[in-house]
Amino acid sequence: MADTCLLYYITDRTAFPGDERTRRIRLLDKIAEAAAAGVHYIQIREKDISTRDLESLAREAIQIIRDHNKLATPLTTALLINSRTDVALSTGAAGVHLPTNNILPSEVRSAWERNRKKCGAGALAREISPPDPLISISCHSPEEVVQAAANGATLALFAPVFEKKDAPASAAQGLETLRRACAAKISVLALGGITLQNAASCLQTGAAGIAAIRLFQENNIAEIVCALPHH
């Protein structure tokens with residue numbers, strides 16, 4: 001079992017009640033809550049909004065994270081943008097999440113390097129984009145996890161480990177398949193139907209941590225973090 005349980009919060013503002021403005025406020029409050037509680041990664045996964053709104057949301061989220069992690073260098077919480085390398089670069093996010101069949105991690109790193117050269121080598125470039133992007137990638141089989149490791153991803157999100165209430169048709173991979181996935185040379189996070197009750201069993205398979213939407217959005221994050229193993 002890992003010494004530290006990595007925590008990865010995936011956002012979904014559409015799960016909050018209210019109009020768009022209210023949902024945005026609720027989401028930013030949750031991001032602040034996650035940063036204050038020491039969640040390691042936050043993925044902005046708002047795929048239905050415009051590029052301008054996504055950039056605005058990401059910039060606000062990054063400022064919130066900086067405010068909560070101002071004494072930590074580097075920042076304790078890293079912000080990743082789902083599938084949009086351009087938005088991650090323009091907002092100064094720590095990296096990106098790549099869905100299945102998206103671009104390769106090497107393409108993300110090439111874009112990152114081109115951006116740094118374009119900005120120059122000074123403080124401005126370091127502020128706009130971290131020198132090496134964090135890259136998480138969706139995986140649905142042990143073989144895909146092995147490929148993610150070979151392609152140079154930072155993290156593999158393996159899903160779905162358990163059956164999800166809102167997607168019962170998605171076949172749960174189960175703990176034994178997760179165990180095989182965790183044999184790859186990459187940090188694997190369990191995703192899909194993760195609860196306080198089953199998180200420990202995921203870590204016992206060798207998972208480096210857990211990723212979730214509902215576990216964080218529907219609960220007090222500080223209480224969840226304290227209740228999880230190795231926190």
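Considering the range 14-48 alone, what residues qualify as being part of a loop (DSSP other than H, G, I, E, B) and in contact (Cβ under 8 Å) with a residue 40 or more places away in the chain?
PHE16, GLY38, VAL39, HIS40, ARG45
Table: residues versus (1) in a strand (DSSP E or B); (2) under 16 Å from the mean Cα position of the chain (by Cα).
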residue	(1), (2)
LEU175	no, no
LEU178	no, no
ALA190	yes, yes
ILE194	no, yes
ASN198	no, no
SER201	no, no
GLY206	no, no
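Could you identify the single residue in ALA212, ALA156, ALA149 that is touching a Lys or Arg at 6+ places or on another chain (Cβ under 6 Å) and within 22 Å of GLY95 (Cα to Cα)?
Answer to the check: ALA149.
Residues in the range 15-30: is at least one aliphatic (A, V, I, L, M), crowded, with 16+ Cβ neighbours inside 10 Å and under 13 Å from the mean Cα position of the chain (by Cα)?
No: the range 15-30 contains no residue that is aliphatic (A, V, I, L, M), crowded, with 16+ Cβ neighbours inside 10 Å and under 13 Å from the mean Cα position of the chain (by Cα).
Examine the range 151-165 for a residue that is among the aliphatic types (A, V, I, L, M) and surrounded by fewer than 17 Cβ atoms within 10 Å (Cβ to Cβ), and state whether such a residue exists.
No, the range 151-165 contains no residue that is among the aliphatic types (A, V, I, L, M) and surrounded by fewer than 17 Cβ atoms within 10 Å (Cβ to Cβ).
Please go through the range 135-172 and pick out each residue that is modelled with pLDDT under 95 and within 20 Å of LEU203 (Cβ to Cβ).
Hits for the range 135-172 are GLU163, LYS164, ALA172.
All but one of (1) farther than 16 Å from CYS5 by Cα; (2) surrounded by 15 or more Cβ atoms within 10 Å (Cβ to Cβ); (3) at pLDDT 95 or above hold for ASN220, so report the exception by its number.
(2)
Take the residues in the range 49-61 that are more than 22 Å from LEU215 (Cα to Cα) and not in a loop (DSSP other than H, G, I, E, B), then tell me which one is farthest from the chain's Cα centre (by Cα).
ARG52
Within the range 183-217, can you find the residues that are among the polar types (S, T, N, Q), more than 19 Å from ILE42 (Cα to Cα), out of contact with any Phe, Trp or Tyr (no Cβ under 9 Å at 6 or more places or on another chain) and surrounded by fewer than 20 Cβ atoms within 10 Å (Cβ to Cβ)?
Of everything in the range 183-217, those that are among the polar types (S, T, N, Q), more than 19 Å from ILE42 (Cα to Cα), out of contact with any Phe, Trp or Tyr (no Cβ under 9 Å at 6 or more places or on another chain) and surrounded by fewer than 20 Cβ atoms within 10 Å (Cβ to Cβ) turn out to be GLN197, SER201, GLN204.
The values are calculated or read from the model by the stated rules, or taken from the named source; none is laboratory data. Model, not experiment: these values are computed from the prediction. So basically every Cβ, Gly included, is an ideal-geometry build from the backbone, and we count neighbours across all protein chains shown.
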